[in-house]
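First comes the structure, then the notes that go with it.
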Amino acid sequence: MGRRFSTRPLYLRIRDALVERVSSGEWKPGATLPNEGQLARAFGVSVGTVRKALDCMEADRLLSRRQGRGTFVRDHASDELAGRFDNIRAADGEPIETDIGETEISEGAASRLECERLALPLSHRVYRIHRVHLCNGRPLLVDDASMPAELFPGLAENDQVPHRIVVLAQRYGLLLGRAEERVSVVVAEAAIAAALGLAAGSPVLRLDRVAFALDGRRVEWRVRYCHFAAGGYYLVTMR
């Protein structure tokens, strides 16, 4: 049988190899990478090819370049990166800080809708996390997340599960690339209204989001119901 050659551009193959070193923990947050010349020699490619690979990783928020100091692995658990999908703002424009109230974790066979949103076969299992977020002691968000169980082995046995998917994913060697979110206003069902301290039938903001790993896998499907009690809003930054 003839030898197969990859049609994927060389710089992307180098980028994939470097990303694997970050996701596997070989290069930990804060670690300094070898310089471009050293990486080029290690992979047997040109410095220009390595530079393009590093440019991609910087665009994906995996690396930080500091003039005269080098290239460093960024920490996805930092406030800057961990909160990049948190778009709820207070009236003054600052991110709303919440406390986690009720939390429930369970495991089960994925529903048809979970399979659709997470691109899973019907036989797969998921972890489900239900949380209520409090702001100044009052319910602000009802949060329901579903995640493929195979990506988060033993999750239900963990005592402390971060509520930010960026932080949780990093703990399991997953690096997030992007998310897609659907925003709508809906009438709160009885359970949602009760959790938020509202009358049944009250309007609430519904945020339906899927988070993707850098390799395209769907890592989390999260649905949030939010009630703004003091002039808050949802911020979208476009660039």
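Residues are listed down the side, and each one gets a yes or a no for (1) farther than 25 Å from GLU220 by Cβ; (2) assigned by TED's automatic domain parsing to the domain that holds LEU196; (3) at pLDDT 90 or above; (4) out of contact with any Pro (no Cβ under 7 Å at 6 or more places or on another chain):
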{"site": "VAL22", "(1), (2), (3), (4)": "no, no, no, yes"}
{"site": "LEU39", "(1), (2), (3), (4)": "yes, no, yes, yes"}
{"site": "THR49", "(1), (2), (3), (4)": "yes, no, yes, yes"}
{"site": "ALA53", "(1), (2), (3), (4)": "yes, no, yes, yes"}
{"site": "LEU62", "(1), (2), (3), (4)": "no, no, no, yes"}
{"site": "GLY68", "(1), (2), (3), (4)": "yes, no, no, yes"}
{"site": "GLY83", "(1), (2), (3), (4)": "no, yes, no, no"}
{"site": "GLU97", "(1), (2), (3), (4)": "no, yes, no, yes"}
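Condition first: small (Gly, Ala, Ser), under 25 Å from the mean Cα position of the chain (by Cα) and surrounded by 15 or more Cβ atoms within 10 Å (Cβ to Cβ). Now tell me which residues in the stretch 32-63 satisfy that. Show your work before the answer.
To start, the set of residues in the stretch 32-63 that are small (Gly, Ala, Ser) comprises 37, 40, 42, 44, 46, 48, 53, 59.
Checking which are under 25 Å from the mean Cα position of the chain (by Cα) leaves us with 53, 59.
Selection gives ALA53 alone.
Restricting the first residue to the stretch 162-178 and requiring it to be closer than 24 Å to GLU102 by Cα and part of a loop (DSSP other than H, G, I, E, B), which pairs with a second residue that is of a type in the set (Asp, Glu) and modelled with pLDDT of 85 or more meet a Cβ separation below 8 Å and a spacing of at least six or different chains?
HIS163/ASP143
Identify, by number, the condition in (1) assigned to a loop (DSSP other than H, G, I, E, B); (2) at pLDDT 85 or above; (3) loosely packed, with under 12 Cβ neighbours inside 10 Å; (4) not aliphatic (A, V, I, L, M) that TRP27 doesn't meet.
(3)
Scanning for something among the charged types (D, E, K, R), assigned by TED's automatic domain parsing to the domain that holds ARG224 and over 21 Å from GLY177 (Cα atoms), does the stretch 3-13 turn up at least one residue?
no
Quick check on my filter: what residues within the stretch 40-70 are in contact (Cβ under 8 Å) with a residue 24 or more places away in the chain and part of a helix (DSSP H, G or I)?
Answer for the stretch 40-70, where residues must be in contact (Cβ under 8 Å) with a residue 24 or more places away in the chain and part of a helix (DSSP H, G or I): PHE43, THR49, VAL50, LYS52, ALA53, LEU54, CYS56, MET57.
Looking for whichever is in a loop (DSSP other than H, G, I, E, B) and either within 23 Å of SER24 (Cα to Cα) or touching a Lys or Arg at 6+ places or on another chain (Cβ under 9 Å) (or both) here; the options are ASP144, ASP86. Which one fits?
Details: ASP144 fails: in a loop (DSSP other than H, G, I, E, B).
Result of the check over ASP144, ASP86: ASP86.
Out of (1) within 23 Å of ARG112 (Cβ to Cβ); (2) crowded, with 19+ Cβ neighbours inside 10 Å, the odd one out for LEU168 is which?
Unmet for LEU168, out of (1) within 23 Å of ARG112 (Cβ to Cβ); (2) crowded, with 19+ Cβ neighbours inside 10 Å: (1).
Quick one: would you say LEU120 is part of a loop (DSSP other than H, G, I, E, B), at pLDDT 85 or above and outside the structural domain of ARG51 (by TED's automatic domain parsing)?
Details: part of a loop (DSSP other than H, G, I, E, B): yes; at pLDDT 85 or above: yes; outside the structural domain of ARG51 (by TED's automatic domain parsing): yes.
Yes: the conditions hold for LEU120.
Considering only residues that are touching a Ser or Thr at 6+ places or on another chain (Cβ under 8 Å) and without any contact (Cβ under 8 Å) to a residue 60 or more places away in the chain, look in the stretch 95-132 and name the one that is surrounded by the fewest Cβ atoms within 10 Å (Cβ to Cβ).
Residue satisfying both the conditions and the ranking: ALA109.
The values are calculated or read from the model by the stated rules, or taken from the named source; none is laboratory data. Note that the structure is predicted; figures quoted are calculated from it, not measured. Don't worry about glycine lacking a Cβ; one is built from the backbone with ideal geometry, like all the others, and counts go over all protein chains shown.
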